[in-house]
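Participant: Once you've had a glance at the structure underneath, I'll fire off some questions.
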Amino acid sequence: MILSKWLATLLGGAFAVQGALAIEVNVDDENSLKSAAKTVATTMMEYYDARESKDIPGKFDGTWWEGGSMFMTLILYCNYSQYLGNDDQVFWGLAAITAAEFNFPEREGEPSWVSLAQGVFNTQYPRWDTSSCHGGMRWQIWPYQDGYLTKNAISNGGLLQLSARLALYTGNKTYADWAERIWDWSATTPLLKQENWNIADTTTCGTQCTDHGDFQWTYNYATYISGAAYMHNYTNGTETKWKEGVEGLIKTSQQFYPTTGFNGAGGQILSDITCEGSGNCDRNQITFKAYFTNWLGMLTTIVPGTYDLIYPQLKTSAQAAAKQCSGGDDGTHCGIRWYKQASWDGTKGLEQQMAVLGVLAANLIPFSGKAPLTASSGGTSKSNPNAGTNSSDSNVPILNSIGTGDRAGAGILTVIFVSGWAVAVTWMIRGG
């Protein structure tokens, strides 16, 4: 089955594409949201069809991680390793655990979604680096890469979130131990400043992680917020540190709602403020709002009392984003500067479509009212704690020291994991 037919099945039940004068959406109406999301998703997948990397399922031209993040966005909507970074890889794990949490269909005889997520965990945890800063994940995997000497928020926050979600899904405490280790280590660095809940984008090994690159990005905050939210649920609210982290980081995230919004919507429309004001966001940065809206929307189902902190702004953001979707010859291409104007900003691309689809999908979450599934609450994806390893031991890796041999082995496991994901994504594209 070709991709366009697969997408039609995926979006079955949604309404017909709306007209070309921007997308009209009522965020309080489920059918209106589905209709708008279908329009955005259909145009987004046209970029997937047009890519040159067709021989590698899920791979986009010039980027490794956007394939994983795109499928993660689509799943939520559905209720070359030489330059691979830890942050690139973890997005595929987050896509896989999202599929498990929503009982996304699996193919008999192929790796389960949760085992694919566990495969990412098993390739990443051996890279926990104590040779500098007393711990932490480096940005890039290989020493010849520019980012190898950097430890950044998204690599550490991404593994934190994946570990927390695996802990909640499987009930295995060792995943929770890893999540707590990453959180506590981050709090000893500028990556997670608990005194003011500020997240630095980067810090460097050469300074023992005392310096800080302070660019502010939505997805850095969202991944730490989400990790804390899953841990809050996993611990049944018995550890106050997680609820305090969620609420503190949400409060600091108010910086991403500029006070200069149009039509009196100042302080209500989401923006990646570091690059949008100057109009110089690169293709990666354009997608960040998709993850922020998805992850914050989902946490309202597992952390009581957060709906009113999050959804008023997500609703206004969705309305503003939809107004940007009037570009291109067919009038369905979306812009990115939602807060700036009530019409298309002249930019278009897969990344813009992903960002808008993310905020529309986030607004669909309250209509189902369903929290992410776990193995004990109806999740059918089967755990394999040794996914991506050659071990027959049924135990999840324990907290211990990481050696050079482990880090080298993790590079080999990356290849094994990618092969498994290629099979899974190929099946998704061909519709089973």
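The values are calculated or read from the model by the stated rules, or taken from the named source; none is laboratory data. None of these values were measured; they are calculated from a predicted model. No Cβ is skipped: glycine too gets one built from the backbone with ideal geometry, and neighbour counts run over all protein chains shown. The accessibility values were calculated without ligands, DNA or RNA, using every heavy atom of the protein model including side chains. Shrake-Rupley method; radii C 1.70, N 1.55, O 1.52, S 1.80 Å.
Participant: Probe of 1.4 angstrom, ligands and nucleic acids ignored: what's the accessible area per residue over the range 245-290, in square angstrom? All intermediate terms of the calculation are to be shown ahead of the outcome.
Facilitator: On the way: 1780 Å² over 46 residues.
For the range 245-290, the solvent-accessible area averages 39 Å² per residue.
Participant: Among T188, M137, G147, whose Cα lies farthest out toward the positive end of the dipole of the range 106-240, if unit charges sit on the beta carbon of Lys, Arg (+1) and Asp, Glu (-1)?
Facilitator: Going by the Cα projections, it comes out as M137.
Participant: How big is D, in µm² s⁻¹, for the range 242-400 by Stokes-Einstein at 20 °C and 1.002 mPa s if Rh is the Kirkwood radius over C-alpha pairs?
Facilitator: 122 µm²/s
Participant: Return the inverse of the average 1/r over all pairs of distinct C-alpha atoms in the range 101-169, which is the Kirkwood hydrodynamic radius, in Å to one decimal.
Facilitator: 13.6 Å
Participant: Normalise the Cα radius of gyration of the range 235-331 by 2.2 N^0.38 Å (N = residues in it) and let me know the number.
Facilitator: It is 1.23.
Participant: Please give the net charge around W295, taking every other residue with its beta carbon less than 13 angstrom from that of W295, where Lys and Arg add +1 and Asp and Glu add -1. Mind showing how you got there, number by number?
Facilitator: Details: positive: R165, K289; negative: E101.
Summing Lys/Arg as +1 and Asp/Glu as -1 gives +1.
Participant: Report the local net charge at G378: Lys and Arg +1, Asp and Glu -1, summed over other residues whose C-beta lies under 14 Å from its C-beta.
Facilitator: So the surrounding residues net to +1.
Participant: So which of K34/K348; K151/K193; K151/K315; K243/K315; K243/K340; K34/K370 end up more than 26 Å apart by C-alpha?
Facilitator: From K34/K348; K151/K193; K151/K315; K243/K315; K243/K340; K34/K370, over 26 Å: K151/K315; K243/K340.
Participant: Take the alpha carbon atoms of the range 300-356, find their radius of gyration, then divide it by 2.2 N^0.38 Å using N residues; give the quotient.
Facilitator: 1.33
Participant: Probe radius 1.4 Å, ligands and nucleic acids ignored: give me the carbon and sulfur share of the accessible area of the range 174-249 as a rounded percent.
Facilitator: After summing per-atom areas, the C and S share lands at 46 percent.
Participant: Decide, for the range 140-253, between rounded, prolate and oblate: order the square roots of the alpha carbon gyration tensor eigenvalues as a ≥ b ≥ c, take rounded if a/c falls under 1.5, and otherwise choose prolate if a/b is larger than b/c, else oblate.
Facilitator: Oblate, because a/c is 1.5 or more while a/b does not exceed b/c.
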